[in-house]
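The values are calculated or read from the model by the stated rules, or taken from the named source; none is laboratory data. Every value quoted in this text rests on a predicted model; they were computed, and no experiment measured them. Cβ placement follows ideal geometry from the backbone for every residue including glycine, while neighbour counts extend to all protein chains displayed.
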Amino acid sequence: MAFSMLQLFLLGALGPRLVRELGVSATVLGLTTTIGFGTAAALSPVGGRVVDRIGPRRSLVVLLLVSAAALALIGAAPGPGFLLAAVALGGLPQALANPATNKAILAAVPPGRRGPVTGMKQSGVQLGAFAAGLPLAALAGGIGWRGAVWTAAATAALAALWAHRALPADPPAKAAPPRSSLVPRGAIAWLTVFSLFLGCGIASVNTYVALFGAQELGLGPNAAAGLVAVLGVAGIAGRVGWSKAARPGRAEWLPGGLAGGAVLAAGLLAAAPYAAPLVWVAAVAVGVFAVSGNAVSMVLVMQRAAPGRAGQDSALVAAGFFAGFALGPPLFGPLAQAGRYGPGWLLVAAEFAAAGAVALTWAVRERRLPATEAAA
């Protein structure tokens with residue numbers, strides 16, 4: 001999971017260096033996220049079918065090898081156009097990550113432990129944020145941003161070798177399953193829409209918080225990248241803790257509550273120019289609340305996935321999340337380009353509020369359904 005989205009966090013953490021050394025504008029920096037996650041959103045439904053067919057180990061090896069290739073190409077980019085093409089390649093690992101890891105958990109983990117294990121699994125994404133914001137950013141200060149990205153690529157290739165040798169073998173590849181609807185239904189549909197709005201807000205924070213710290217708050221490149229690391233550490237703790245709490249009967253209410261906390265976090269970002277230390281509190285809050293919402297939604301997917309469709313249902317919810325990641329930065333980018341970060345963070349707050357409204361509406365509906373069925 002860490003490698004599936006590492007390119008996103010690296011581009012955000014290294015944003016000030018890319019703007020200065022590669023001639024990337026704030027708008028193009030946002031486009032990297034749009035292209036990467038637009039590709040992931042488009043490929044996710046197909047990726048879920050592929051995972052259901054070939055198994056999680058083969059899928060994870062492919063994920064890691066393609067991640068290594070994408071990172072290597074990002075490190076070699078001579079300009080913005082090549083960079084955007086390399087980022088598009090990185091959309092494939094993102095499309096495979098949740099279906100493959102969720103399928104592995106359903107196969108190997110008893111039902112009572114799936115929530116905590118899912119939280120640990122999802123926290124791998126935030127481990128990638130920490131790695132991008134601290135050790136890799138520090139390495140970039142010594143050997144340059146290209147060397148840091150190539151180091152990440154080599155590590156992904158080694159992880160692919162480990163996965164091939166260490167993970168249990170997959171059963172023989174199955175025949176292609178009958179085509180089913182790619183339109184999410186029921187709980188999966190609600191979680192997809194929730195993930196869309198949540199992804200919009202998180203992507204804007206991931207992409208622009210380091211640039212915001214450097215341009216508006218006067219932080220140096222390493223300190224600005226440290227915001228991404230802090231967000232990552234907080235996200236690890238939040239994803240593990242909230243996923244453990246996501247038991248049936250309680251889990252339905254958590255996404256709405258976490259989105260409410262995310263709205264407050266975005267408000268702290270908007271207030272940071274008037275009290276700079278608030279940006280660190282805001283980074284923690286985004287990790288604990290907004291980032292954790294995606295892990296809880298994946299727990300809910302596994303609780304409610306149709307038999308034999310765990311990969312496909314996971315992919316549909318992930319597609320909503322990735323579509324949000326594709327849409328959020330282009331909306332924020334022009335505001336960042338104009339130096340209007342305050343309205344940008346208020347836009348993020350509105351996106352989180354929309355996610356909360358969707359989640360709470362669904363939770364109320366779910367609570368009423370058993371009573372309606374009992375009355376019938």
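So is PHE352 surrounded by 24 or more Cβ atoms within 10 Å (Cβ to Cβ), of a type in the set (Phe, Trp, Tyr) and within 30 Å of ILE54 (Cα to Cα) or not? Taking the combined requirement at face value, the residue does not satisfy it.
Considering the range 287-303, and only residues there that are β-branched (Val, Ile, Thr) and closer than 25 Å to LEU227 by Cα, the residue that is modelled with the highest pLDDT turns out to be VAL288. Considering each residue of the range 310-323 in turn, none proves to be without any contact (Cβ under 8 Å) to a residue 60 or more places away in the chain and either more than 18 Å from VAL117 (Cα to Cα) or surrounded by 24 or more Cβ atoms within 10 Å (Cβ to Cβ) (or both). Screening ARG57 on (1) at pLDDT 80 or above; (2) within 22 Å of TRP145 (Cα to Cα); (3) part of a helix (DSSP H, G or I) shows it passes everything except condition (2). Taken over the range 103-162, the criterion of being touching an Asp or Glu at 6+ places or on another chain (Cβ under 9 Å) and without any contact (Cβ under 8 Å) to a residue 60 or more places away in the chain is satisfied by GLY144 alone. Looking at the range 191-203, which of its residues are surrounded by 24 or more Cβ atoms within 10 Å (Cβ to Cβ) and closer than 18 Å to GLY260 by Cβ? Scanning the range 191-203 gives LEU191, PHE194, SER195, LEU196, PHE197, LEU198, GLY199, CYS200, GLY201, ILE202. Checked against (1) outside any loop (DSSP other than H, G, I, E, B); (2) in contact with a helix residue (DSSP H, G or I) (Cβ under 8 Å, 6 or more places away or on another chain); (3) at pLDDT 85 or above, GLN312 meets all criteria but (3).
For the range 71-82, the set of residues classified as under 20 Å from ALA157 (Cα atoms) and in contact with a helix residue (DSSP H, G or I) (Cβ under 7 Å, 6 or more places away or on another chain) consists of LEU71, ALA72, LEU73, ILE74, GLY75, ALA77, listed by residue number.
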